[in-house]
Amino acid sequence: MLLVSAPILGVPEKAALSKVIDSSWLTMGEQVQLFEESFARMHGAEDCVAVSSCTAALHLILHGLGIGPGDEVLVPSLTFVATANSVLYVGATPVFVDIESADLPLMSLAEAEARCTPRTKAIILVHFAGYLANREQWQRFARARGLHIIEDAAHAPGLREVGTYGVAAAFSFYGNKNMTTAEGGAVIAKDPELLQRIRQARGHGMTSGTHQRLNSRTPQYDVTMLGFNYRMDEMRAAIGLVQLQNLQEWNEIRRILAVLYRRHIATRCPAVTVPFSGPRTSAHHIMPVLLPRYADRQDVIDELRDQGIQTTIHYSPVHQMTLYRELSPGTHLPRTEDFAQRELTIPLHPQMTSATVEAVVEALATAVNSCAQAGTAA
């Protein structure tokens, strides 16, 4: 089965894990610190905080900003549910915003403006599929209203522009991301004080960690704030350090494959459209396509699976999930809903070749053409 995404792991990661195991120091030590320094440097930042997941990163950012009950946060519905869940974690209310268009499935500026209220405190911009939102437009919008911009950059590691939009950016290193630590995440923040609050809250609000206390020769610590157990361990950090060495090369391979996909899809199955047709900076995390309205998506999924090709969907709209239908009844986002009904994610990862891309597009064209013929026959 050709998978939608596939991590690249090998001898260097095994060697890095062995060194950690041999050291007998398994959590929050030198590897985590080195990973934080390396990841921050890649993004032109002074520092970052490594955590257990992107969800934890988003939660810590909102918590560190003091957002809570009575506050509202603008979020897209075309995202993984964690984006909205993190707002609920701090007791605030996620307000769902429609996308700009089928070609630009990022949060709409006009819709965001329409949904702003005096209670709105922040915006979580999701760099969907690795494509970056328009920084200058959103910064003007946020400044005029006194809002915090938070970047959900789960799909966009390795891009220098990420982390420069607003107060902070959250990253994911889950197993299907451009680089992985199996589970894991990170926070980049401009304000050193905010970053320090996030760092302390990561480990139960304690004023020092185990490794710090070992080096300072004192077992004493205090707890000065509410904190959480969101630490990254040494083994994940060691894997991350190896992965970071390859991230830029892997992102470039993704870019080349995405260009090939667009070229072959336009030639072999022009009824299928590819979002983000205009030039836009991207880490090319996934390859979303939009099926024509006459195509039965499940039939296409089944046909590709029979050909040994996995597909998936990014995403089922969060506002239509049972929990959020109950919390935000009556929410209707027509562009998001239409996009989500027709979107299909096809394989994209650095282990693919140009021949693999051609094979996927050929299978996609066959499946879509079958749907067209079935519609004509009916």
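The values are calculated or read from the model by the stated rules, or taken from the named source; none is laboratory data. Everything numeric here is computed off the predicted structure, so don't read it as measured data. For neighbour counting, all protein chains shown are included, and Cβ atoms are generated from backbone atoms with ideal geometry for every residue, glycine included.
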Requested in this report: Of all residues in segment 17-32, count the ones that are touching a residue at least 24 places away in the same chain (Cβ under 8 Å) and surrounded by fewer than 20 Cβ atoms within 10 Å (Cβ to Cβ).
Outcome: 8
Report summary line: Of the residues in segment 260-281 that are in a loop (DSSP other than H, G, I, E, B) and polar (S, T, N, Q), the one that is nearest to Met179 (Cα to Cα) is Thr281
Query raised in the report: Does any residue of segment 163-173 turn out to be assigned by TED's automatic domain parsing to the domain that holds Val73 and on the phi > 0 side of the Ramachandran plot?
Result: yes
Query raised in the report: Is it true that Thr164 is touching a residue at least 24 places away in the same chain (Cβ under 8 Å), over 21 Å from Ile99 (Cα atoms) and outside any strand (DSSP E or B)?
Result: yes
Query - Residues satisfying the stated conditions in segment 210-234, i.e. part of a strand (DSSP E or B) and at pLDDT below 95 - result: Val223
Query raised in the report: Among the candidates Ser316, Ser370, Ser277, which residue alone is in contact (Cβ under 8 Å) with a residue 12 or more places away in the chain, more than 25 Å from Asp103 (Cβ to Cβ) and surrounded by fewer than 21 Cβ atoms within 10 Å (Cβ to Cβ)?
Result: Ser370
Report task. Looking for whichever is part of a helix (DSSP H, G or I) and touching a Pro at 6+ places or on another chain (Cβ under 6 Å) here; the options are Ala112, Ala129, Ala144. Which one fits? Result -> Ala129
Query raised in the report: Just checking, how many residues over segment 257-272 are more than 18 Å from Val300 (Cα to Cα) and in contact (Cβ under 8 Å) with a residue 12 or more places away in the chain?
Result: 4
Query raised in the report: Within segment 282-298, can one find any residue that is farther than 27 Å from Asn85 by Cα, part of a loop (DSSP other than H, G, I, E, B) and among the acidic types (Asp, Glu)?
Result: yes
Report task. Select from segment 179-209 the residues that are at pLDDT below 75 and either more than 25 Å from Arg41 (Cα to Cα) or crowded, with 19+ Cβ neighbours inside 10 Å (or both) and list them in ascending order. Result -> Gly209
Query raised in the report: of a type in the set (Val, Ile, Thr) and out of contact with any Leu (no Cβ under 8 Å at 6 or more places or on another chain), is that true of Val81?
Result: yes
Query raised in the report: Which residues, counting only those in segment 171-207, are charged (D, E, K, R), over 19 Å from Ser282 (Cα atoms) and not in a helix (DSSP H, G or I)?
Result: Glu183, Lys190, Asp191
Query raised in the report: Restricting segment 326-378 to residues that are among the aliphatic types (A, V, I, L, M) and part of a strand (DSSP E or B), which is farthest from His314 (Cα to Cα)?
Result: Ile346
